[in-house]
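Taken together, the values in this text are just the output of simple stated rules run on the coordinates, not laboratory data. This one's a predicted model, so the numbers in the text were calculated from it and none came from an experiment. Note: ideal-geometry Cβ built from the backbone for every residue, glycine included; neighbour counts use all protein chains shown.
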Ligand SMILES: Cc1ncc(COP(=O)(O)O)c(C=O)c1O
């Protein structure tokens, strides 16, 4: 008798697409027939929807989450000689978007519980560095960073807070939506995000009319009137096709988020019941709506566990194996192993499990049981 191993990938976008195929095609096919792919009506419509959803006054679409960050720094007119405090425990774009325009990232360690920038260490970094004009927390894995102390420290030092909310659409900090708390919020609609398109796109949110005006020009080579350029910007429009897809997907975002939250809660209760020796995602009291872009556990013998799960047909991912301060491209900043120990430890222990909305109850039990079985051996 042959037994087939259950397959539980890290993410199953085909399963998601099957549930909304007709609605998305009804929106996209007329667009394809019209062949009007640049800055069509779907762009403004999506921007309005995202502004409303994130409780922001303005939302400006662009080509990716990485560009959303880049545009935010351009709008603040930061560049060579300027510094921004950020977390080393994030996707590369968090620091890459700074370095790309000559801004120096100043890496400050994370709080090991929330895995987000530790506000207690930010003040010290501000004392040690001159020319820090902004603090950039990341709402990692869909859980809010501790914003109030960051805002307070920033305002005392004449700096602003820019939120990397790429993984956190709909997440809340003390009831306030991430991305609308600092001066600007930067979102990614990369397919694997909670709200993901059919390719790359992103958005910047803000409550500041002047910044919104600059952002809207910065993505169009520095001008909104054709062939008239007030400053040097970039070509970073949001694709109309992506906007059309995302507009449809937004209708389902809350239901998908609730399914992610249910899946996360189920894993946590299964691991507790089984007494599995892994660190579970902590939800700080100020994280009033964690949206679980990832469900990330801390595990002893992490790499062995990952291989064990792969052999059982379970997809996992290591977000992130090498913290940003130890990346080769930032070697000249002078950080060494041991400088930011919490981030370095997490990079050795973190493993993200499948948490996508379409998982079944059986899938969750299957994944949790195989994690537990690995340690029971
Ligand atoms: C925290 C974080 N910042 C920035 C980005 C960049 O977004 P994108 O991939 O859309 O450029 C991502 C996406 O992977 C991310 O996770």
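Over segment 163-295, what is the relative contact order in whole percent, taking alpha-carbon pairs under 8 Å and six or more residues apart?
Computed value for segment 163-295: 25 percent relative contact order.
Evaluate the Kirkwood expression for the hydrodynamic radius of segment 252-376, namely the inverse of the mean inverse distance over all pairs of different C-alpha atoms, and round to one decimal in Å.
Evaluated on segment 252-376, it is 15.8 Å.
Which of 297, 20, 60 moves most in a GNM of the chain, Cα contacts under 10 Å?
The residue with the greatest mean-square fluctuation here is 20.
Give me the one-decimal Kirkwood hydrodynamic radius in Å for segment 1-127, with the sum taken over alpha-carbon pairs.
With all distinct Cα pairs of segment 1-127 included, I get 18.9 Å.
Using the basic label-point model (7 angstrom from Cα toward the beta carbon), what is the residue 288 to residue 360 distance in nanometres?
Between residue 288 and residue 360, the simple spin-label model gives 3.7 nm.
At 0.692 mPa s and 37 °C, plugging the Kirkwood radius over alpha-carbon pairs of segment 59-191 into Stokes-Einstein gives what diffusion coefficient in µm²/s?
Estimated via Stokes-Einstein, D reaches 229 µm²/s.
Pick from 279, 81, 233 the residue whose mean-square fluctuation is largest in a GNM of the chain, springs joining Cα atoms under 10 Å.
Among 279, 81, 233, the largest GNM mean-square fluctuation belongs to 81.
If you take the C-alpha gyration tensor of the chain, multiply each eigenvalue by 5 and take the square root, what semi-axes do you get, largest first, in whole Å?
That gives 33, 28, 17 Å for the three semi-axes.
In percent, how large is the relative contact order of segment 17-250, given Cα pairs closer than 8 Å and 6 or more residues apart?
Reported as a whole number, the value is 26 percent.
Counting residues in segment 123-227 as N, plug N into 2.2 N^0.38 Å and put the Cα Rg over that result.
That works out to 1.18 for segment 123-227.
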